[in-house]
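The values are calculated or read from the model by the stated rules, or taken from the named source; none is laboratory data. Predicted, not measured: the structure shown is a model, and the values here were computed from it. All Cβ positions, even for glycine, are placed from backbone atoms using ideal geometry, and neighbour counts span all protein chains on display.
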Amino acid sequence: MSKTLGIDWRKCIGCGSCADVCSARILGSYSNDGSRIRILRSELHAIFLPILCLQCEEHPCVASCPVGAIQFAEEGCPRVSVLEAVCVGCGSCAEVCPHRGVVIFRGKAMMCDLCSGNPACVQMCYSGALQWSESGAPIAHVRQHAEQVAGFGRVADE
Amino acid sequence: MNRLAEFRIAYVDLSRRLVNVKTMSSKDFGLYLGGRGLGAKILYEGQAGGVDPLGPENQLIFSTGKLVGTPVPTAGQLTVTSKSPATGLYFKSNVGGGWAKALRRAGWDLVVFTGQAPEAVYVTIDDSTISFHDATQLWGKTTREATIALHRDLGHDWEVAAIGPAGENLVRYANIMVSTYHAAGRGGLGAVMGAKRLKAIAVRGSCATAVADETGLRQLVTSVLKRIGSSGKARLLLDYGTPSTLELVNERSSLPVRNFQQNHLAGANRLGGSYLVEKGYMRSGSACSACPIGCHKFSEVKTGRFAGYSGGPEYETLAGLGAGCGVTDAEAVLKGNELCNDYGLDSISAGGAIQWLLESVERGVLPISIGGGLDLRWGDGDTLVALIDRIAHREGVGDLLAEGTLRAAQRVGGDSWKWAVQANGLEQSRVDTRCSKAYALAFAVNPRGPDHLHAQPMAEYGYFAEARRLVEELLGSDRYADPVLTEGKPEIVRWHEDVFAITDSLGICSFATTTCYIIDVPMLKDIVAAAVGWTFTEKELLDAGRRTLVLERCFNFREDPGRRDVLPWRLMNEPISEGPYRGQMNSAAELEEMLERYYELHGLEPRTGRPTRDLLLSLGLLEDVVGIEASLWEEVEVKLFFAMAAYAPLGQDSASFKLPICSRTTIGDILERLRIPEELSSVILLNGRGSSADQRVTAGDVVAIMPPVGGG
């Protein structure tokens with residue numbers, strides 16, 4: 001059974017360190033860009049929602065890609081991956097992702113690659129919002145996350 | 001040349017809408033670290049003594065530390081520095097949230113505001129573009145409304161610092177709210193901002209924060225996180241926030257109740273962290289940047305006349321608005337917290353002012369009618385909420401209370417000054433220092449006034465293992481971890497002050513270095529090396545903190561040569577009346593004993609606590625800070641003849657005594673300090689020659705004062 005990165009968004013306190021260490025992997029420095037995990041923030045209601053690719057079973061990103069740059073494997077860590085050389089940065093995958101887990105960075109689609117088995121973001125998360133577990137993300141949990149993400153725009157704009 | 005250790009500073013002149021960009025060299029990093037330290041230096045050098053806190057010359061400095069923008073745990077702190085309209089002295093106020101990180105990501109380390117805008121303005125900092133905008137539409141809005149409006153107009157990725165009606169109305173303890181619910185509190189820096197007609201500052205940045213050794217830093221960060229994981233205190237803060245302190249303090253009978261008249265309040269547990277969480281009033285809030293401790297809470301009252309929601313509350317708010325006023329209705333206090341946040345009002349001083357009012361009415365010094373129909377008695381939640389509203393808008397009795405307890409008592413007269421629980425013009429934080437001696441010393445020596453955010457020597461209680469370990473390290477035995485002992489407290493306070501100053505200057509939170517005792521000085525040394533590429537010895541790092549502490553003291557002595565480290569009158573003269581600490585007091589003798597040792601440890605002048613020339617020399621301040629000599633005291637000799645002898649200060653020989661002066665002191669100042677009334681038209685001789693009140697004096701002068709003499 002492969003490990004998965006689960007999110008308990010109710011525990012997210014919005015510290016932002018997950019995004020900082022993720023960006024450091026690519027940039028060597030800490031930035032708002034270049035991170036595969038981001039946080040939707042409503043300071044007003046103190047609700048924070050980490051968003052990233054959840055390696056979901058539906059993976060609409062694969063079919064949405066006009067050039068076939070996205071692959072989904074049955075096993076492995078990660079299961080979703082982008083062939084950078086093929087990707088043209090059109091953003092179709094980002095549009096269809098129910099978790100808003102795709103980032104377009106320097107003209108290419110980018111998704112969480114689980115740091116090949118030792119996610120840096122999980123190491124930073126003391127509150128327990130990000131969990132690296134053997135149990136696998138249950139479908140219901142993943143759907144709930146998608147619902148939260150879809151509804152977040154309303155909350156954030158108030 | 002270490003670019004990471006240089007500072008990029010924006011000087012914003014609000015009078016002329018000009019921006020000047022300056023760089024400070026890495027030498028200043030080595031000396032002051034940044035954040036609070038650099039703020040203190042710029043405040044001292046950038047203005048002369050004696051400026052009007054609400055005038056254009058008073059600088060309002062926003063500074064952050066070099067660790068902000070990195071994932072070093074708790075690296076999200078901003079320091080706001082200015083001269084306070086409440087105390088007339090140096091004032092720094094720290095705040096978390098996300099503004100400091102945004103400033104660093106915009107490529108700035110500090111922003112200094114000077115001048116005064118002719119019309120209401122808000123400033124945007126968009127990477128290197130700083131612009132001025134008309135704020136007429138925002139003026140009058142609460143901090144929350146203004147923040148929402150700016151998020152709507154500019155975008156949600158902007159961080160906002162704003163004042164509310166309290167700052168606009170120049171309430172002497174108005175604060176600046178950051179990231180909607182985080183407060184840069186105490187001292188009225190919101191009024192300084194309001195006097196400048198600066199409604200808000202919005203910042204957004206797209207730069208990356210670079211560090212010297214990313215791999216090394218990540219390892220250090222991981223080890224800090226492990227320590228946080230095993231810290232009971234950190235867990236308590238994550239689950240219940242600072243409100244978790246309240247049950248403990250009440251149980252210990254050291255909770256200030258009804259203006260420090262009592263020490264325990266039945267029902268106060270309904271204001272504590274576990275009650276608020278259990279009943280569903282309070283949950284996890286918004287952590288400051290990079291902070292895993294996440295102490296900040298979010299509270300909501302769903303129904304009823306106190307319905308609403310906001311960030312917080314903190315212990316001080318619950319103790320100040322709640323227990324202090326005798327109010328145990330959590331919903332009323334939560335409403336009070338919400339209003340203080342929305343109006344941009346310091347809840348500690350607001351609580352202190354309200355308590356002063358209630359006691360004044362209780363004692364018959366003020367009529368109950370002064371409340372304009374309000375029921376001015378202890379324990380009334382509706383009165384509490386109504387008074388906060390009036391203070392923020394300076395309505396009715398709110399106008400008197402908005403001046404702070406020192407000035408309000410001066411206006412009202414009688415004995416009301418005795419229960420104005422303040423020193424320097426700052427209301428005391430909700431700690432009964434009579435039974436917490438390290439806190440007593442820390443409050444007395446705090447340059448901003450009697451408050452906890454200078455040293456926070458929680459180790460003196462010995463509640464946690466880390467605390468007892470620290471006391472043992474400092475003094476050889478953990479028996480000194482006893483709050484009613486005065487022995488060993490100067491050493492305990494000094495360690496905490498040093499570490500607090502370094503903490504504030506690097507931009508991390510005092511909860512990590514003091515309170516939870518997770519990051520110690522050796523770890524800070526390593527973290528700074530990895531983040532900034534700068535190698536300090538432990539002594540150099542401690543000296544950097546000390547420099548800040550001494551500089552703060554210098555600013556204050558430049559303002560007021562005769563000032564002393566004291567506590568509010570009530571705590572120094574009225575003992576605790578009930579409970580296990582009955583009889584305890586911060587008597588002058590007891591305080592002086594601790595101060596004597598404290599001054600000795602610091603190399604300050606005995607009795608007065610003034611910085612000495614030698615001290616400034618040894619810390620390199622004498623050569624580095626422009627105009628620092630103005631804070632060194634020199635003396636004149638005063639001779640009082642005949643009936644004038646009655647005006648000699650207590651214990652001084654009227655025939656000849658020394659009086660400290662600064663470069664601005666005039667003979668008129670001396671007459672005022674000695675309380676010699678103008679009407680007496682004394683004859684004044686300066687060095688044997690006739691002189692007048694407007695004449696300035698210099699070191700070594702001899703001033704002779706006598707009543708008008710006639711010939712015969």
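Selection over segment A:24-39 of residues that are at the interface with another protein chain (Cβ under 9 Å from one of its Cβ atoms) and surrounded by fewer than 24 Cβ atoms within 10 Å (Cβ to Cβ) gives a count of 7. Taking (1) outside any helix (DSSP H, G or I); (2) of a type in the set (S, T, N, Q); (3) farther than 30 Å from A:ALA129 by Cα in turn, B:SER349 satisfies each apart from (1).
For (1) under 13 Å from the mean Cα position of the chain (by Cα); (2) in a loop (DSSP other than H, G, I, E, B); (3) modelled with pLDDT of 95 or more; (4) surrounded by fewer than 18 Cβ atoms within 10 Å (Cβ to Cβ), each residue gets a yes or a no:
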{"position": "A:GLU58", "(1), (2), (3), (4)": "no, yes, no, yes"}
{"position": "A:PRO78", "(1), (2), (3), (4)": "yes, yes, no, no"}
{"position": "A:VAL86", "(1), (2), (3), (4)": "no, yes, yes, yes"}
{"position": "A:TYR126", "(1), (2), (3), (4)": "no, yes, no, no"}
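One residue stands out in segment B:188-206 among those that are in contact (Cβ under 8 Å) with a residue 60 or more places away in the chain and assigned to a helix (DSSP H, G or I): the one that is surrounded by the fewest Cβ atoms within 10 Å (Cβ to Cβ), namely B:ALA195. Scanning segment B:51-74 for residues that are closer than 16 Å to B:LEU110 by Cβ, within 14 Å of chain A (Cβ to nearest Cβ) and among the hydrophobic types (A, V, I, L, M, F, W, C) yields a total of 2. Helices (runs of 4 or more DSSP H) fully within segment B:434-552 that include at least 1 residues being in contact (Cβ under 8 Å) with a residue 12 or more places away in the chain and under 20 Å from B:LYS27 (Cα atoms): B:489-506, B:521-532.
Looking at B:GLY76, B:GLY50, just one residue is outside any strand (DSSP E or B), modelled with pLDDT under 95 and not aromatic (Phe, Trp, Tyr), and that residue is B:GLY50.
All of (1) farther than 23 Å from B:VAL178 by Cα; (2) within 14 Å of chain A (Cβ to nearest Cβ) hold for B:SER254 with one exception: (2). On the stretch given as segment B:553-576, residues that are modelled with pLDDT of 95 or more and in a loop (DSSP other than H, G, I, E, B) total 7.
The single condition from (1) at positive phi; (2) more than 12 Å from every other protein chain (Cβ to nearest Cβ) that B:THR180 fails is (2). Among the residues of segment B:35-45, not a single one is buried (at least 24 other Cβ atoms within 10 Å of the Cβ), in a loop (DSSP other than H, G, I, E, B) and at pLDDT 95 or above.
crowded, with 20+ Cβ neighbours inside 10 Å and either within 13 Å of chain B (Cβ to nearest Cβ) or under 19 Å from B:SER289 (Cβ atoms) (or both): is that true of A:CYS53 in this structure? For A:CYS53, the condition - crowded, with 20+ Cβ neighbours inside 10 Å and either within 13 Å of chain B (Cβ to nearest Cβ) or under 19 Å from B:SER289 (Cβ atoms) (or both) - is not met.
Selection within segment B:615-644: residues that are part of a helix (DSSP H, G or I) and among the charged types (D, E, K, R). The member of this set that is farthest from the chain's Cα centre (by Cα) is B:GLU623.
In the set (1) free of Cβ contacts under 8 Å to residues at least 40 places away in the same chain; (2) part of a helix (DSSP H, G or I); (3) of a type in the set (A, V, I, L, M, F, W, C), B:LEU357 fails one condition alone, (1). Give me the residue from segment B:392-447 that is under 18 Å from the mean Cα position of the chain (by Cα) and among the acidic types (Asp, Glu) and, out of that set, farthest from B:ASN263 (Cα to Cα). Only one residue fits best here, namely B:GLU403. Residues considered: B:THR222, B:THR209. Of these, the only one that is polar (S, T, N, Q), within 11 Å of chain A (Cβ to nearest Cβ) and free of Cβ contacts under 8 Å to residues at least 60 places away in the same chain is B:THR222.
Just to verify a result, which residue in segment A:1-23, among those that are within 14 Å of chain B (Cβ to nearest Cβ) and among the small types (Gly, Ala, Ser), is nearest to the chain's Cα centre (by Cα)?
Narrowing segment A:1-23 to residues within 14 Å of chain B (Cβ to nearest Cβ): A:8-23.
Filter once more, keeping what is among the small types (Gly, Ala, Ser): A:14, A:16-17, A:19, A:23.
On the way: A:GLY14: 15, A:GLY16: 14, A:SER17: 14, A:ALA19: 10, A:SER23: 13 Å.
So, considering only residues that are within 14 Å of chain B (Cβ to nearest Cβ) and among the small types (Gly, Ala, Ser), the one nearest to the chain's Cα centre (by Cα) is A:ALA19.
For segment B:79-110, the tally of residues that are more than 10 Å from chain A (Cβ to nearest Cβ) and not in a strand (DSSP E or B) stands at 14. If you check B:GLN116, B:GLN137 for being in contact (Cβ under 8 Å) with a residue 60 or more places away in the chain, surrounded by fewer than 20 Cβ atoms within 10 Å (Cβ to Cβ) and among the polar types (S, T, N, Q), only one passes: B:GLN116.
If I filter segment A:22-36 for residues that are of a type in the set (S, T, N, Q) and in a strand (DSSP E or B), do I get at least one hit? No, there is no match, as no residue in segment A:22-36 is of a type in the set (S, T, N, Q) and in a strand (DSSP E or B). Summed over segment B:635-651, the residues that are surrounded by 13 or more Cβ atoms within 10 Å (Cβ to Cβ) and within 17 Å of B:ARG564 (Cα to Cα) give a count of 2. Kindly indicate the residue of segment B:630-646 that is touching a helix residue (DSSP H, G or I) at 6+ places or on another chain (Cβ under 9 Å) and modelled with pLDDT of 85 or more and also nearest to B:LEU43 (Cα to Cα) among those meeting that condition. It comes out as B:SER631. Being more than 30 Å from B:ALA455 (Cβ to Cβ) and modelled with pLDDT of 95 or more is a property that B:VAL68 lacks.
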